[in-house]
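Okay, so here's the structure we're looking at.
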Ligand code: ZN
């Protein structure tokens, strides 16, 4: 099935639930950036998290950026997820591979690093973006995002994200976000009930590998709590909005001397989009155009 995101509520609107499948988007990220297994898991978890976080924003054009800077060999990562279901991202060192952790799983925590910071930026498409920073809890990403939600957004939340990748590629990837909204936050039993059900649920990837759909998982968790699944399905895909114009805009910032140097030495300039790996070639005419613009601006 194609990647998608669905929303639901339960307990008279006291619980908000969102689920997302990102298998194909993460496979595309893996191929575009030639990611190792552990880098695929790290970026994939962050991509699912970004889509889950942006899903409660209202305004068209809203987006969430997740930036992680840990002390591990992955060298950080950045994800840009949008309300329209598009997502893109990259890691600092895509080839890093590590032995499995004690549970036999991809050691995302060691790759990201257990010390460092998580930055989340919410951009509503107007005004100043809202950003906040928290320290990493484990570098496993799911726990770090849940910690961010609890401390920065003061919403009791449970977040599960997972990626399963083997020689065939990314087999399953996705995530689940459950939040207890302020109207229900006074009911301590609700939080306890959810917590114990989630702990019995097992890992998100194993549920998907058993063939469960997001609807099945919602039913298992919230079926007896007045579950309502919204009929709208948001399609999800890896997408980057880079273009030659944007690349030229970035090159322009290098200044006249550097651009002239590129014309003489290289006969143009190659620039690669970090988010999607696409390579652009700015030829001599493009570079001359930029130099003229700079000179006109400084005149
Ligand atoms: Zn791009």
Quiz item: Does anyone have the angle between helix 284-298 and the longest principal axis of the chain? Alpha-carbon axes, 0 to 90°, nearest 10?
Solution: 90 degrees
Quiz item: So what is the relative contact order for the stretch 119-259, in percent, with contacts set as C-alpha pairs under 8 Å and at least six apart?
Solution: 13 percent
Quiz prompt | Likely footprinting exposure, 245, 293, fewest C-beta neighbours within 10 Å first | solution = 245, 293
Quiz item: For the stretch 141-299, max minus min Cα coordinate along each principal axis, in Å, sorted largest first?
Solution: 69, 41, 29
Practice problem: As a check on your grasp of the helix formula, calculate [θ] at 222 nm for the chain: sum -39500 (n - 2.57) over DSSP H runs of n ≥ 4, divide by the residue count, round to the nearest 500. | Solution: -11000 deg cm²/dmol
Exercise. Determine the equivalent ellipsoid of the stretch 124-173 by diagonalising the alpha-carbon gyration tensor, then write out the semi-axes as square roots of 5 times the eigenvalues, largest first, rounded to whole Å.
Key: 27, 16, 10
Exercise. Could you state the angle between the C-alpha long axis of helix 142-152 and the longest principal axis of the C-alpha atoms of the chain, as a value from 0 to 90 degrees rounded to the nearest 10?
Key: 90 degrees
Quiz item: By count of other Cβ within 10 Å, fewest leading, how are 177, 208 ordered?
Solution: 208, 177
Quiz item: Which shape class, rounded, prolate or oblate, goes with the stretch 1-71 when its Cα gyration tensor gives a ≥ b ≥ c as root eigenvalues, a/c under 1.5 marks rounded, and past that a/b bigger than b/c marks prolate?
Solution: prolate
Quiz item: If we restrict to alpha carbons, what Rg and Dmax does the stretch 244-297 come to, in Å?
Solution: 10.7, 33
Exercise. Calculate the tail of P(r) for the stretch 4-238: the fraction of all Cα-Cα distances greater than 34 Å, expressed in %.
Key: 9 percent
Self-check item: Percentage relative contact order, the chain, counting C-alpha pairs under 8 Å, at least six apart
Solution: 22 percent
Quiz item: Taking only C-alpha pairs under 8 Å that are 6+ residues apart, what is the relative contact order of the stretch 244-297 in percent?
Solution: 39 percent
Quiz item: Rounded, prolate or oblate: which one fits the stretch 132-214, using the alpha carbon gyration tensor with axes a ≥ b ≥ c (rounded when a/c is under 1.5, else prolate when a/b beats b/c, else oblate)?
Solution: oblate
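Since every read-out is calculated from the coordinates, none of them should be taken as a lab result. Since we're looking at a predicted model, the values are computed, not measured. Every residue, glycine as well, gets a Cβ built from its backbone with ideal geometry; the counts of neighbours run over all protein chains shown.
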